[in-house]
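What follows is one structure encoded as structure tokens, with my remarks underneath.
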Amino acid sequence: MDPVAWSGFALGAGDGLTIDWNRQAFDRLALCPRFLGDLSAIDTEVDLFGEKMPSPLILAPTGFQRAMHPNGETETVIGAGRQGVTAVISSVSTTPFPALAAQATAPLWFQMYIGKDRGVTAATVELVAQAGCKALCVTVDSPSFGARDKIVPMDRSPWSLVRRCQVAATRHRMSLPTPHGQGASDAIRTGWEVTWADIDWLRSITRLPIILKGVLHPQDAVAAHDHGVDGVIVSNHGGRNLDTSLATIDALGPVADAVGGKMAVMMDGGVRRGTDVLKALALGAKAVLIGRPYVYGLFLNGHAGVSRVIEILNREFIMAMLLAGETSANAVSREILRPLSAPVSPPGAGGRA
């Protein structure tokens, strides 16, 4: 793998503590199974925004995928379609959304930022809606990027890598951030400072489901419901923004409890096993997003690699359901979880690799 591409996808902000915590927090949750129940029928389907999904897995948005494979997001969409899994297309995709929609055999969502130019945002929403987008996933946690000093900037890569990624300059893509003003804080702002007024405006121009990605605080989830949002993704941006922010599986339960089933709650961050999916559902998630795992599958074997990663996780999830005595992805009991006082496995490389 190109070391610059690996750096961009694998590492996180600061010292990489949040990346480690995302994984370790799963390890602090033990499973306490129930046996002797009727396991003759196992239902892994979930219903999100009127779409039946074969499993709770969704592919999280990751940009610049041509850094990992010459065909980039096209391979991801084909691989997701083979498993019937929804893919969320990044606003910095290296393939236009309409072209991906033409290849899709499973639902596509679009991840977007709300920039200062609402005209650009409105045009983008109209374009992806016409192409068949099923939901808008608005990233709200990036008014600034984190201290990504361990991530090698793309412009230091071999020219071929940069050239593959630059094909992202297409009509569907949101504008890249530019500094505003002259102050020190202005220089590090992305221009993606979303407010509730922006969410209200977005709600007024589209009937597509709106999902906020990057929610960690329960009160933000409650406010999202009050502003007409259809769902939230409990996320810390894969540990790439605010290092030392809490692990998403730790934040999930309080968020799910706060909204009390009034809206869809999803999560991402640290999911590597089928047991992780089961634990997230037990804490109130309706679905679970994966990022790095399928990107590595994309690098290794294109759409077949993406499909294989999904297949492995789905198979492990069914194993975990059977072994925990659970029969429905829509009704996993929190009673199967027991907290441990300390991690039971050593920390991963995180951003300190």
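Computed from the coordinates by the stated procedures, all read-outs in this text should not be read as laboratory data. Computed from a predicted model, the values in this text were never measured in an experiment. Here Cβ is always computed from backbone atoms with ideal geometry, including for glycine, and neighbour counts include all displayed protein chains.
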Exercise. Run the quick spin-label model on GLN219 and ASP2: label points 7 Å from Cα toward the beta carbon, then report their separation in nm to one decimal.
Key: 4.4 nm
Quiz prompt | For the chain: relative contact order, % (alpha-carbon pairs under 8 angstrom, 6 or more apart) | solution = 30 percent
Practice problem: Would you please give the FRET efficiency between LEU322 and ALA147, computed as 1/(1 + (r/R0)^6) with r the Cβ-Cβ distance and R0 = 41 Å, to the nearest 0.05? | Solution: 0.40
Exercise. Using R₀ = 35 Å, calculate the FRET efficiency as 1/(1 + (r/R₀)^6) where r is the Cβ-Cβ separation of ASP226 and ILE42; round to 0.05.
Key: 0.45
Exercise. Quick one: how many lysine pairs does the chain have with C-alpha atoms less than 25 Å apart and a gap of 8 or more or different chains? Give me the count, please.
Key: 16
Quiz item: Against the longest principal axis of the chain, how steep is helix 73-83, in degrees 0 to 90 to the nearest 10, with axes from Cα atoms?
Solution: 20 degrees
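Report the equivalent ellipsoid semi-axes for the chain in whole Å, largest first, defined as the square roots of five times the eigenvalues of the gyration tensor built from alpha carbon atoms.
The equivalent ellipsoid of the chain has semi-axes of 30, 22, 22 Å.
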Quiz prompt | Using alpha-carbon coordinates, inclination of helix 292-324 to the longest axis of the chain, degrees | solution = 20 degrees
Practice problem: Working from Cα positions, state the angle (0 to 90°, nearest 10) between the long axis of helix 196-205 and the longest principal axis of the chain. | Solution: 90 degrees
Quiz item: Top mean-square fluctuation among ALA324, ALA67, ALA247, Gaussian network model of the chain, C-alpha springs under 10 Å?
Solution: ALA324
Quiz prompt | Pair LEU340, ASP15: separation of 7 Å Cα→Cβ label points (nm) | solution = 2.3 nm
Quiz item: Looking only at the range 43-72, which residues have a backbone nitrogen under 17 Å from a spot 7 Å from the Cα of LEU31 in the C-beta direction?
Solution: 43-45, 55-57
Self-check item: Tail beyond 19 Å, pair distance distribution of the range 15-143 (Cα, percent)
Solution: 61 percent
Practice problem: Name the most mobile residue of PRO107, PRO293, PRO339, meaning the one with the largest mean-square fluctuation, in a Gaussian network model of the chain with Cα contacts below 10 Å. | Solution: PRO339
Exercise. Could you compute the FRET efficiency for VAL120 and ALA304, with r as their C-beta to C-beta distance and R0 at 35 Å, rounded to 0.05?
Key: 0.45
Self-check item: Debye log10 I(q)/I(0) for the range 73-151, one point scatterer per Cα, at q = 0.27 Å⁻¹
Solution: -1.26
Quiz prompt | Choice from LEU39, LEU29, LEU136 showing the highest fluctuation, given a GNM over the chain with Cα pairs closer than 10 Å | solution = LEU39
